[in-house]
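Worksheet for the structure shown next.
Read-outs throughout are calculated quantities, based only on the coordinates presented, and are distinct from any laboratory measurement. Since we're looking at a predicted model, the values are computed, not measured. Cβ atoms come from the backbone with ideal geometry, glycine included; neighbour counts cover every protein chain shown.
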Amino acid sequence: MNIVAQYGIRGDGARGIVTSVETAIRQGRLAAGTPLPTVRDLAHALRVSPTTVAAAYRTLRVRGLVHAQGRRGTRVSPRPPLPIRPVAPAPAHLRDLSLGNPDPALLPSLTRALARLPRRPGLYGEPANRPALLALAGRQLEREGLPHDSLAIVGGALDGIERVLQAHLRPGDRVALEDPGYVAVFDLVAALGLVAEPVAIDDSGPLPDDLARALGSGVEGFIVTPRAQNPTGAAVDAARARELRAVLAKHPEVLVVEDDHAGPVAGAPAVSVCHGRERWALVRSVSKSLGPDLRLAILAGDSTTVARVEGRQSVGTGWVSHLLQDLVTMLWSDSATDRLLARAADTYATRRDALGRALAAHGIEAHGRSGLNVWVPVVEEAAIVAALAQAGWAVRAGERYRLKSGPAVRITVAGLAPRDADRLAAALARSLRPERRLASA
């Protein structure tokens, strides 16, 4: 087998090999999940030393382009941090329940808030963070009983999580992640050269015993979604939060990051496991409540973590757009926004419950305690996704959301009216019949 021809990897040094692999990934010649040749085989094909290839693979791992899978070898990462071809959108004739978007009808209109924005342009030298926005955020967190030692403003949930991880962790460090969990967090962790350690969850969030196991294995960080967990809808309640805090108390050095991405529309009370910790951060995005295009999140954390995030931000982007900060301030100061967010939370809960009841009527297990999604365990994801597409529905296969957990499909219910839940449940039941016959056989 001509490895050079098959993989298109060339180079007479580690840098050249890295560039060649990166180019092949960017151009689509090495797709996500593609296995790379072994160090020995590639070294022989390129007529370089195994040490050179090993150094190249190590650089690619640190950059998140590839990951090692033990005996399965080295493979291209599921979503390498490169501009590659996006996933094709669902065909126009399908009812698209795959994207995780909020219902546009339940997002506030920006017209009035935009009209009230300051007319003068923002200039260099102004404070990076609007004091009025920080004050509003602080009062929100205080009302909910959440820690808010220090506050900053970042460009969305993932921007905040990335900055916090970079403030404390280094490539090769291990991070405990919910499994199933949010694919973008998986990809971010890989892109930073960190190693994911899966932690099993149920409807109340991470399982304390499995978190204890992960912490005992030497992880340096733990990312948890306290409510509206994506993809399962899990929500940490007060009892589970106490259990998790007790487990975490035995590891005070571990960095804990809470991703409260849905905030007031999650449909579950806010809780935290960060009280009294040495290194922690809580990131609250406005993307689900005010709109995905408002790339802003509030970051609360210990003083050291927030100072490091702000320091790095100051030598990079500098600040989150003051226009955006002022817009969120206007919306948060408007009582009409509060009423709309309460209605959105109730509506999403009604839609989750409607689908849950419809699925239960067909004997189908489903999870969706909070948030915008329902998670349905299946035997074969691709077959179910294809069968539902034939019936006119687009849902998301769960593979990208899993590390070690079992197969499932994710259904976004944010825009699914209760009257449509029965039709979807019936279509899913028909799709599952071959699986059930196979399971019973």
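Things worth noting here:
- Share of alpha-carbon pairs per 5 Å distance bin for the stretch 120-333, given as whole %: 1, 7, 16, 21, 21, 16, 9, 5, 2, 1, 0, 0
- Cα gyration tensor shape of the stretch 215-335, rounded if a/c is under 1.5, else prolate or oblate by comparing a/b with b/c: oblate
- Spatial separation of Cα centroids for the stretch 107-139 and the stretch 251-325, in angstrom: 18
- Per-peptide packing, taken as the mean over residues of other Cβ atoms within 10 Å, places 325-336, 222-233, 193-204 in the sequence 222-233, 193-204, 325-336 from highest down.
- Net charge of the neighbourhood of Leu46, taken over other residues with C-beta under 9 Å away and scored Lys/Arg +1, Asp/Glu -1, is +1.
- When the alpha carbon gyration tensor of the stretch 384-433 is reduced to an equivalent ellipsoid, the three semi-axes, largest first, read 20, 13, 9 Å.
- Dipole in debye (nearest 20) - the chain, about Cα centre, beta carbon charges: Lys, Arg +1; Asp, Glu -1: 1040
- Each Lys and Arg contributes +1 and each Asp and Glu -1, all at the Cβ; summed about the Cα centre of the stretch 172-297, the dipole is approximately 340 debye.
- Packing-based ranking, highest mean first, of 315-323, 168-176 given that Cβ atoms within 10 Å are counted: 168-176, 315-323
- Whether the stretch 98-208 is rounded, prolate or oblate, judged on the alpha carbon gyration tensor where a/c under 1.5 counts as rounded: prolate
- Within the stretch 120-333, percent of DSSP bridges classed antiparallel, to nearest 5: 40
- Global form of the chain, assessed from the alpha-carbon gyration tensor, a/c cut-off 1.5: oblate
- Beta bridges by DSSP in the chain, antiparallel share as percent, to the nearest 5: 55
- When the chain is treated as a Gaussian network with alpha carbon springs shorter than 10 Å, the biggest mean-square fluctuation among Arg72, Arg402, Arg277 belongs to Arg72.
- Dividing the mean sequence gap of close Cα pairs (under 8 Å, 6+ apart) by how many residues the chain holds gives a relative contact order of 17 percent.
- Ordering Trp332, Ala394, Tyr182 by Cα displacement along the dipole of the chain toward the positive end leaves Ala394 in first place; charges were set at the Cβ atoms of Lys, Arg (+1) and Asp, Glu (-1).
- Under the criterion of Cα pairs below 8 Å and six or more residues apart, the relative contact order for the stretch 121-230 equals 23 percent.
- For peptides 378-384, 343-349, sequence by mean Cβ density within 10 Å, most packed first: 343-349, 378-384
- Taking the charge dipole of the chain about its Cα centre, with +1 at Lys and Arg Cβ atoms and -1 at Asp and Glu Cβ atoms, the residue from Leu359, Val247, Ala235 reaching farthest to the positive side is Leu359.
- Percent of alpha-carbon pairs separated by more than 19 Å within the stretch 3-76: 21
- Expressed per residue, the C-alpha convex hull volume of the stretch 67-132 stands at 298 Å³.
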